[in-house]
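The values are calculated or read from the model by the stated rules, or taken from the named source; none is laboratory data. In this text the structure is predicted, and so the values were computed from the model without any measurement. Positions of Cβ are backbone-derived with ideal geometry, glycine not excepted, and every protein chain shown enters the neighbour counts. Side chains included, ligands, DNA and RNA excluded: accessible areas come from the protein's heavy atoms. Shrake-Rupley method; radii C 1.70, N 1.55, O 1.52, S 1.80 Å.
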Amino acid sequence: LVRKQQRLGEMLYRLSADLVLIIHLAFVLFVALGGLLVLRRPRLMWLHLPAVVWGALSEFLGVFCPLTPLETMLRKLGGGTGYEGDFIGHYITAVIYPSGLTRGIQIALGFGALLLNMAIYGYWLLRKRRSRHRA
């Protein structure tokens with residue numbers, strides 16, 4: 001009975017770690033592509049802009065997102081090994097750049113997120129301005 005409870009606990013930790021991973025990935029996608037949602041729902045801008053600032057600053061400064069150590073801790077509690085480094089380096093960059101994450105790549109990712117979102121917001125502002133001139 002004790003062993004079953006222990007396995008259930010480990011399974012819950014692993015599921016929790018997976019949930020944190022999914023939330024983390026959703027946040028990264030929201031930072032990168034959330035401007036497209038703002039085109040449809042402008043009120044999301046008030047959530048998206050702080051997310052972009054956090055995402056870009058964390059890349060520029062090399063700051064780990066608090067979700068990374070949380071996921072690692074949950075994986076270890078679930079009987080796994082966890083991982084070193086940050087989310088981008090472990091999951092995203094490992095797929096895109098097999099040689100690993102460097103500071104230069106981190107900074108480029110931060111600029112990429114900023115530039116992409118600046119283009120989307122610029123388009124949104126241009127579209128808004130045109131609709132005002134037509135009215």
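Evaluate the following for Leu115: is it modelled with pLDDT of 90 or more and either of a type in the set (S, T, N, Q) or over 29 Å from Glu71 (Cβ atoms) (or both)?
no
Of everything in segment 48-86, what is of a type in the set (A, V, I, L, M, F, W, C), open to solvent by 50 Å² or more (accessible area, probe 1.4 Å), farther than 20 Å from Leu109 by Cα and in contact with a helix residue (DSSP H, G or I) (Cβ under 8 Å, 6 or more places away or on another chain)? Give them in sequence order.
Leu70, Leu77
If you take the residues of segment 63-81 that are outside any helix (DSSP H, G or I) and closer than 20 Å to Ala26 by Cα, which of them is modelled with the lowest pLDDT?
The extreme case among them is Phe64.
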